[in-house]
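The values are calculated or read from the model by the stated rules, or taken from the named source; none is laboratory data. Nothing here was measured: the structure is a model prediction, and the numbers come from that model. FYI the Cβ positions are ideal-geometry reconstructions off the backbone, even for glycines, and counts take in every protein chain you see. Each accessible area value is taken on the protein alone, full model and side chains, heavy atoms only, with ligands, DNA and RNA left out. Shrake-Rupley method; radii C 1.70, N 1.55, O 1.52, S 1.80 Å.
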Amino acid sequence: MNNGIIKLAPSILSADFAHLGQQIAEAERAGADRIYIDVMDGHFVPNISLGVPIVASLRRVTRLPLEIHLMISDPDLFLDEFTEVGSDAFLVHWEGNNNLHRTLQRVKGLGKRVSVVINPATPAAVLEEILRDVDQVVVMTVNPGFGHQPFIHTTLPKIRCVRQMIDEIRPGCDLEVDGGIDATTAPLVVSVGANVLVAGSAIFSEGDGVVAAMQRLRAAAHQALT
Ligand code: DX5
């Protein structure tokens, strides 16, 4: 059951990197819950984004939690460095990590919030063994690696299933969705149990600015709660 509070996590992948500090300040003013940062290595996903130096710079311009989505082949190699520059939370994929339990324990050992991420082709059932160890589950609603992709509607029943698993096994755990979230898809994911919405292009690529875009997204999401 959704506790009625919908959190927005602007994904800076779609932001204007030439004005990143200003765009994050606008998102913070518009009530962003956290800042979502996609780290890609060109191996785990077919794209390269950003690394530790950018996170260090962002730490200086916002007090919002910095949530690091690690789309990299070996997340364990970089946890310490991202922690040293002020990251607050790590999102680690189930896919491709043979020692996921160990990685999750390491993140918790660093005192950071830990999430497991599952891709569109990965069933909710894989969460059974590790759900008790996480603060949040992230259901990818696009294939990871790029912004501006269309929402994959076949992920909706899985989000509902993950919500049921969380309510049974790990009440209070956040359910975050990432990819293709906008004013049309936001009420759909909230209606099946998501409570944290990641959005990139729907926040940073709209013509009327970050504040108006976030107000629109928040209003659409809350429609599903009434
Ligand atoms: C994709 C990233 C997303 C992406 C979302 O791999 O994880 O965070 O930036 O962008 P939109 O909201 O444009 O789909």
For region 60-78: of the residues being within 15 Å of the ligand (Cβ to nearest atom), touching a residue at least 40 places away in the same chain (Cβ under 8 Å) and not hydrophobic (A, V, I, L, M, F, W, C), which is farthest from Q22 (Cα to Cα)? H69
Looking at S57, is it polar (S, T, N, Q), open to solvent by 10 Å² or more (accessible area, probe 1.4 Å) and within 15 Å of the ligand (Cβ to nearest atom)? no
Scanning region 52-84 for residues that are in a loop (DSSP other than H, G, I, E, B) and farther than 21 Å from A27 by Cα gives I72, S73, D74
Exactly one condition in (1) open to solvent by less than 40 Å² (accessible area, probe 1.4 Å); (2) in contact with a Pro (Cβ under 8 Å, 6 or more places away or on another chain); (3) within 15 Å of the ligand (Cβ to nearest atom) is false for A224; which is it? (3)
Search region 137-153 for residues being open to solvent by 10 Å² or more (accessible area, probe 1.4 Å) and free of Cβ contacts under 8 Å to residues at least 60 places away in the same chain, and hand back the single one that is nearest to the ligand (Cβ to nearest atom). Q149
Can you go through D41, D16 and tell me which one is within 13 Å of the ligand (Cβ to nearest atom) and more than 22 Å from L175 (Cα to Cα)? D41
Do you know which residues across region 179-191 are open to solvent by 20 Å² or more (accessible area, probe 1.4 Å) and within 11 Å of the ligand (Cβ to nearest atom)? G180, D182
Per the filter on region 3-29, residues closer than 12 Å to L58 by Cα and either buried (at least 21 other Cβ atoms within 10 Å of the Cβ) or in contact with a helix residue (DSSP H, G or I) (Cβ under 8 Å, 6 or more places away or on another chain) (or both) are I12, L20, G21, Q23, I24, A25
When both residues are 6+ apart or on different chains and their Cβ atoms are under 7 Å apart, which pairs have a first residue that lies in region 192-208 and is open to solvent by 30 Å² or more (accessible area, probe 1.4 Å), and a second that is part of a helix (DSSP H, G or I)? S201/S14; S205/S14; E206/A213
Region 107-126, subset without any contact (Cβ under 8 Å) to a residue 40 or more places away in the chain and touching a helix residue (DSSP H, G or I) at 6+ places or on another chain (Cβ under 6 Å), residue nearest to R34 (Cα to Cα): V114
Looking for whichever is of a type outside the set (K, R) and under 20 Å from P150 (Cα atoms) here; the options are A186, A219. Which one fits? A186
Within the bounds of region 160-171, is there any residue that is buried (at least 20 other Cβ atoms within 10 Å of the Cβ), away from the ligand (no atom under 15 Å from the Cβ) and of a type in the set (V, I, T)? yes
If you take the residues in region 79-114 that are open to solvent by 60 Å² or more (accessible area, probe 1.4 Å) and under 18 Å from the mean Cα position of the chain (by Cα), which one is nearest to V138 (Cα to Cα)? W94
